[in-house]
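The values are calculated or read from the model by the stated rules, or taken from the named source; none is laboratory data. If you're wondering where the values come from, they're calculated on a predicted model, not measured in any experiment. Note: ideal-geometry Cβ built from the backbone for every residue, glycine included; neighbour counts use all protein chains shown. When the accessible area is computed, the model is the full protein with side chains, heavy atoms only, and any ligands, DNA or RNA have been set aside. Shrake-Rupley method; radii C 1.70, N 1.55, O 1.52, S 1.80 Å.
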Amino acid sequence: MIMNDEILNRFIDGDLSATERDEVLRAVTSSPEWKKKYETLKKAHELLIAMKPEEVSNNFASLVMSKLNAQKLRARQQKNFLTIIISFFGIIILSITGFVFYNILLSVSQATETSSSITSLSSYVKDLTNLLFSKNGTTIIGSALSLIMLVSGYFLFEYQKKMKSNLGR
Amino acid sequence: MKNLSDAEIIESVLKGNSADYIYIIDRYKNKAFSMLKRMLKNAEDAEEVLQDCFLKAYNNLKTFKFESKFSTWFYRIVYNTALTKLSSSKRQTESGMVGIDELHNIESKYSADEIIKNDLSENVRKIVSELPAKNAAVITLFYLEEMTCEEVSETLNMTVNNIKVLLHRSRNLLKEIIEKQNLKQEIF
């Protein structure tokens, strides 16, 4: 076996076979040059073992924990925000569905003429919904909905952006 | 709580006791900071990246499989985040086993004058802080975290042979500098 720094490193790491170890020990004890090299490498190894870890700032752990809590709070706020938006659109969809069903029921009740009081109440609701869903009414509602959607989309986008930038910090 | 294993603390955090995560932070903050500071060569960047690493680890805790050690999983996050930071800041570009020239540069930088100024352990600290990122990561995990070459290899996603090459080169560099110091002491 040819002695070199690599063999000495493997000797220190305990990576050599018993025969190879004996050869290294023989070389180290018989040659002052290899003895010096081995001792220096061992010293380097011991100095590296003795190295202490460097310390972070004192409030590091509490800072990370507060960031984690802020992150959780943001996630909860985002969830609530989404719930509100989804609920709002859910109500709108339910109203439209209700209106369609109402018209169907109204046409059925008009056809059978079973109850005049229901019809008068129905005609009142019909007038109201007709006003809401008239040509002008739908334009106003449509514009309001578009505006709400745009505003919601903007806030949602801002939330996502803020959350990403906070995570990247 | 401080006597509990990493796995037990993580299980507690996953059960909803998120405040217990502070024990994980306390356990790893200094060693991971040492690794990052040596890789990034800047204490402020290292602390900032470390915060990011702890947040990433917390957010992905559900994906942690208890088959491997938490330390291996966590240091992989630390190492990859440091590499991303290095590539984004373009402070240092490394590819494969490049870095031997940098080691020669460090060795020549530690001229006799530099050696005589400081004591040996101070020199070691300075040399390790100037090592290329990959060498610094290997040295930290092997000596500070007391990982085996196999564990370091799993953490840094490199072969065991590559890890040994990086480890031996760093150790040889230190040996050369100690030899210089010994020579200087013999002369004076």
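Starting from the range B:125-150, take each residue that is within 17 Å of B:Arg76 (Cβ to Cβ) and modelled with pLDDT of 90 or more and list its partners that are outside any helix (DSSP H, G or I) and small (Gly, Ala, Ser), counting only C-beta distances under 7 angstrom and pairs at least six apart or across chains.
Going by the 7 Å Cβ cut-off, the qualifying pairs are B:Lys134/B:Gly99.
Within the range A:29-48, does at least one residue satisfy the condition of being more than 10 Å from chain B (Cβ to nearest Cβ) and closer than 30 Å to B:Ile22 by Cβ?
No: the range A:29-48 contains no residue that is more than 10 Å from chain B (Cβ to nearest Cβ) and closer than 30 Å to B:Ile22 by Cβ.
Here's the yes/no breakdown for (1) touching a Leu at 6+ places or on another chain (Cβ under 8 Å); (2) at pLDDT below 90:
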residue	(1), (2)
B:Met35	yes, no
B:Arg38	yes, no
B:Phe66	no, yes
B:Ser71	no, no
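Considering only the range A:47-68, how many residues are assigned to a helix (DSSP H, G or I) and either surrounded by 12 or more Cβ atoms within 10 Å (Cβ to Cβ) or in contact (Cβ under 8 Å) with a residue 12 or more places away in the chain (or both)?
Residues of the range A:47-68 that are assigned to a helix (DSSP H, G or I), as a first pass: A:47-50, A:60-68.
Those left that are additionally either surrounded by 12 or more Cβ atoms within 10 Å (Cβ to Cβ) or in contact (Cβ under 8 Å) with a residue 12 or more places away in the chain (or both): A:47-48, A:60-61, A:63-65, A:67-68.
Residues meeting the conditions: 9.
Pick from B:Tyr21, B:Tyr110, B:Tyr79: which is at pLDDT 95 or above and either more than 12 Å from chain A (Cβ to nearest Cβ) or in contact with a Phe, Trp or Tyr (Cβ under 7 Å, 6 or more places away or on another chain) (or both)? Talk me through it step by step, then tell me what you get.
On the way: B:Tyr21 fails: at pLDDT 95 or above; B:Tyr110 fails: at pLDDT 95 or above.
Answer to the selection: B:Tyr79.
Is it the case, given these coordinates, that A:Ser107 is surrounded by 14 or more Cβ atoms within 10 Å (Cβ to Cβ), among the small types (Gly, Ala, Ser) and over 28 Å from the mean Cα position of the chain (by Cα)?
no
Considering the range A:127-152 alone, what residues qualify as being of a type in the set (Ser, Thr, Tyr) and either open to solvent by 50 Å² or more (accessible area, probe 1.4 Å) or outside the structural domain of A:Gly90 (by TED's automatic domain parsing) (or both)? Can you show your working first?
Taking the range A:127-152 first, the residues of a type in the set (Ser, Thr, Tyr) are A:129, A:134, A:138-139, A:143, A:146, A:152.
Hits for the range A:127-152 are A:Thr138, A:Thr139, A:Ser143, A:Ser146.
Return the residue satisfying two criteria in turn: it lies in the range B:52-68 and is more than 18 Å from A:Leu73 (Cα to Cα) and among the polar types (S, T, N, Q), and of such residues it is farthest from the chain's Cα centre (by Cα).
Of everything passing the filter in the range B:52-68, B:Thr63 is farthest from the chain's Cα centre (by Cα).
For the range B:37-68: of the residues being of a type in the set (Lys, Arg), assigned to a helix (DSSP H, G or I) and within 25 Å of B:Ser5 (Cα to Cα), which is most open to solvent (accessible area, probe 1.4 Å)?
Our first condition is that a residue be of a type in the set (Lys, Arg); within the range B:37-68, this holds for B:37-38, B:41, B:56, B:62, B:65.
Narrowing further to those that are assigned to a helix (DSSP H, G or I): B:37-38, B:56, B:62.
So of that shortlist, the ones also within 25 Å of B:Ser5 (Cα to Cα) come out as B:56, B:62.
Working: B:Lys56: 79, B:Lys62: 180 Å².
Of everything passing the filter in the range B:37-68, B:Lys62 is most open to solvent (accessible area, probe 1.4 Å).
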